[in-house]
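Shown next, in structure tokens, is the structure this report addresses.
The values are calculated or read from the model by the stated rules, or taken from the named source; none is laboratory data. All figures in this text were calculated on a predicted structure; none of them were measured in a lab. Glycine also receives a Cβ, built like all others from the backbone with ideal geometry; neighbour counts cover every protein chain displayed.
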Amino acid sequence: MEPTVARGGVVVVGVDGSPASARALAWAADEAATRAETLQVITAWSWMPNAPGAGSPHEAREHAEALAQAQVSEVLAGRAHPPVVSLEVVEDTAPAALATASRDASMIVVGSHGHSRLHHAVLGSVSLEVIRTAACPVVVIPAPSTAPEHGSDLSLEGIF
């Protein structure tokens, strides 16, 4: 399981431990390996002292690091040719951290919805802000379809 040799480009992906970021990470890893570019994994964190169970800033950073490392390990496990991975844990908002990283990236990859408390109908608030502020192309990986599969029990009689 040797990493693919990176040629100099960077595919950046934002992860927050959510299923959406796991899908984005998997897609970004495939894309980075195909392009022979480094996969830069970014997890943003902040310390809110008044939040329940806030702990210390050090504990918040350690939690973010552990979460990011666990998600990277889980998603990239067993890949025959994983990309070269750079993991960065940043004290900032996710959109700001990703916008900064976009300056040197060939693309940014995010999930359509993560752990943000604010959700929009189609895209999450982080993905919308990244699209608005990134200095490179942005790929938003959608949530799995909840549409019924072909041949489901739903009847279409009387529609036509």
| field | Pairs, first within 21 Å of S125 (Cα to Cα) in the range 78-101, second part of a loop (DSSP other than H, G, I, E, B) and acidic (D, E), C-beta under 8 Å, six or more apart | value | A94/D16; T100/D92
| message | Looking at V85, V90, V15, can you tell me which residue is crowded, with 21+ Cβ neighbours inside 10 Å and either over 18 Å from V140 (Cα atoms) or under 13 Å from the mean Cα position of the chain (by Cα) (or both)? | response | V15
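So, A51, is that one surrounded by 18 or more Cβ atoms within 10 Å (Cβ to Cβ) and either out of contact with any strand residue (DSSP E or B) (no Cβ under 6 Å at 6 or more places or on another chain) or over 15 Å from V139 (Cα atoms) (or both) or not?
Details: surrounded by 18 or more Cβ atoms within 10 Å (Cβ to Cβ): no; either out of contact with any strand residue (DSSP E or B) (no Cβ under 6 Å at 6 or more places or on another chain) or over 15 Å from V139 (Cα atoms) (or both): yes.
No.
Can A121 be described as over 15 Å from D16 (Cα atoms), out of contact with any Phe, Trp or Tyr (no Cβ under 9 Å at 6 or more places or on another chain) and at pLDDT 85 or above?
Working: over 15 Å from D16 (Cα atoms): yes; out of contact with any Phe, Trp or Tyr (no Cβ under 9 Å at 6 or more places or on another chain): yes; at pLDDT 85 or above: no.
Spelling it out, it is not the case that A121 is over 15 Å from D16 (Cα atoms), out of contact with any Phe, Trp or Tyr (no Cβ under 9 Å at 6 or more places or on another chain) and at pLDDT 85 or above.
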| message | Can you find a residue that is surrounded by fewer than 19 Cβ atoms within 10 Å (Cβ to Cβ), over 18 Å from A22 (Cα atoms), modelled with pLDDT under 95 and not polar (S, T, N, Q) anywhere in the range 63-79? | response | no
| field | Selection from the range 35-77 of residues that are touching a residue at least 24 places away in the same chain (Cβ under 8 Å) and in a loop (DSSP other than H, G, I, E, B) | value | A36, E37, S46, W47
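Within the range 93-105, how many residues are part of a loop (DSSP other than H, G, I, E, B) and either among the β-branched types (V, I, T) or surrounded by fewer than 13 Cβ atoms within 10 Å (Cβ to Cβ) (or both)? Show your work before the answer.
From the range 93-105, those part of a loop (DSSP other than H, G, I, E, B) are 93, 103-105; that's our starting set.
From the residues that got through so far, the ones that are either among the β-branched types (V, I, T) or surrounded by fewer than 13 Cβ atoms within 10 Å (Cβ to Cβ) (or both) too are 93, 103-104.
Within the range 93-105, residues that are part of a loop (DSSP other than H, G, I, E, B) and either among the β-branched types (V, I, T) or surrounded by fewer than 13 Cβ atoms within 10 Å (Cβ to Cβ) (or both) number 3.
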